[in-house]
Each structure stands twice: as C-alpha cells, then as structure tokens.
Amino acid sequence: MDLSSFERNTSVSCRLASRIPDVCRTEDCCLGIDEAGRGPVLGPMVYGICFCPVSRKEELKGLKVADSKTLSEAERENLFEKVDEANSYVGWALQILSPNTISTSMLQRTKYNLNALSHDTAIGLVQYALDSGVQLKEIFVDTVGPADKYEDKLSKLFPGIDVTVRPKADSLFPIVSAASICAKVARDRVVKGWNFAEDLGNVDSEYGSGYPGDPKTKAWLLKYLDPVFGYPQFVRFSWSTAQTLLDSKGVTVHWDDEEEDGEKAAQRQNNKSMLSYFSASAGGNNQNPTHQTHRFFTDRRLKSLDTL
C-alpha cells in the first residue's frame, strides 16, 4: 500500500487502489464496503472496498478475515498482507478523506453532513469498481444511517446489483471484513506517519486514541492550539471538542459595525487595524521588514490587493 500520493498533500482527499484481477472482469463479483475513523477528532476517515468473484467467497473466508475492530494492529497488518497477496482474485480500493476535507464539507454554507459525505464516498468507490470493469453482482455495506433507506438508495443507483445493507456488516460478511481491514490498516499507517505541514517542531505523538473523550487526545488538542490560527490540519476542526477548546482558549474576534473607517478608528485607539496587518504582510506601505507572513496565508496564496 503506497501512501505517498496522500502524504505529499494531506489537506486533500486521495484514492488508492490495487490492480484489478482479470477474473473480476469476467466473473460475477461481490463487493464489500466499510470505513475506519468515523468518530475521531484527529486524522482522516478512510473508506474501503474489497471485491472478489462470488465463486471464490469461501477462499476469501479461508483467509480468516474478521471485523477489524476485534483485531490487534499486528493481526490487521498480517491479514491485509494476505488479502493483498491474493491479488489473483481479490482487489481493493480506498478513499482517504483528509481531516480538512471532512471539516470544510461539514462547515460549508450548504450543509453537507458526515452521513451524506459517507454515502457519496461509498457510491464513488462502487462506481470506480464498475468503471474499472469489475462485474458486480452483489454489494454488502455496513450501514450509515437507517439501513433500509441506505439500501433503497444504493439499489436505485445501481440497478441489477443485489444490495445488502446491515448494521455490523463487517462481522457478518467476509467481503466487508476484508474492506474493513484495508481501511483500518490504511488509517493506522497514515495517522502513525502523519506528515505535519505546519512547523510544530518535534510533535508529541502521545495523542491517545484520537477520540474526543480520550484525556490524552484533549491534552494534545490543547497543547497544539494556536490562539489565532487554530489547529494543524491533522485536526477535524468541525468537531465540537475542537470547537469548544477554540472558543475557550482562542483569541476572541469582535466585528464592530462602526460608521467611521476602520483605519481611522484603529488610529484613534492607538491600535493597528486588521487591514493594516494584511497590507504589511503583502508588502504594503507599512510593511515591517522583520515581519514574516504566517503560513496560513502563504499556503492559501492569499495576498492583499492594491486595485480591483
């Protein structure tokens, strides 16, 4: 599993996939869908699919795949290697949803909640398999939201394919268990080797499970909270845990609706206005030669405009 394409830019989502076995293009296949990392405030969510011919389900079951949550990290790694080595009849694909993608989706003006994001990601992976020539006959999915509604939605989108949506599908269907293992292994590797774009020095890796209720996770969030610019992109800033800490520990911003010009108001109070700060960082008349623009602006290629 080569994660380098995601590691080069962890602010966006990324798709990884195995080679498509030739037999999957000629025989009826089953496909399982599951995710890893839905609840944590840290790191990405990873959606995985795994597929194989219906005629070889028992061979896949013989690999002794199981729900990834019941396995140790070493057991998951070992089982992923077995699944990956069975590439003559098993294929997989992953969609890594970056923390930045998750949070910006949930906080955009037109609300796009986590369930909708999850559904669309799963649908996109099924479509990827179909576009790649996989002859899908059966789809098994671990539910997100009401199982009957999700099953009806997928059945309408993919007519002619038998769709089964069940709670705890990863413990019921080996093909979903295999997808669960692929997703969990990818997430574990990404989190463990996270490439921080921000200049944080030697980052403390003791951030616990990443779940909001974990005291170690809360302590890490507090330690790496910038009072002005918030969190590194490792954090899902839309999560209530992150927002609560930012509200209580971050700098309060007041937007005053004053009739007089902001620059004049700032000068009257012997303060610098926000406008003058942007002007300085972009090379305006008040530029301080020792001032360095924060990477928040340089990463987004933001600069002040002199004219419109």
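Put simply, when 197-203, 173-179, 93-99, 163-169 are sorted by average Cβ atoms within 10 angstrom per residue, most first, you get 173-179, 93-99, 163-169, 197-203. Taking 19 Å as the cut-off, the amide N atoms of region 10-37 that come nearer than this to a point 7 Å along the Cα-to-beta-carbon line of residue 158 belong to 15-36. Here is the list for region 3-63: trypsin sites (Lys or Arg not before Pro) lying in DSSP coil, each with at most 15 other C-beta atoms within 10 angstrom of its C-beta, are 8, 19, 38.
Counting only protein heavy atoms and using a 1.4 Å probe, what share of the accessible area of region 1-77 belongs to carbon plus sulfur, as a whole percent? The nonpolar share, carbon plus sulfur, comes to 47 percent. For the residues 107, 172, a 1.4 Å probe over the protein chains yields an accessible-area ranking, largest first, of 172, 107.
The values are calculated or read from the model by the stated rules, or taken from the named source; none is laboratory data. All of these numbers come straight from a predicted model, not from anything done at the bench. Note: ideal-geometry Cβ built from the backbone for every residue, glycine included; neighbour counts use all protein chains shown. To get the accessible areas, we keep the full protein, side chains included, count just its heavy atoms, and leave off ligands, DNA and RNA. Shrake-Rupley method; radii C 1.70, N 1.55, O 1.52, S 1.80 Å.
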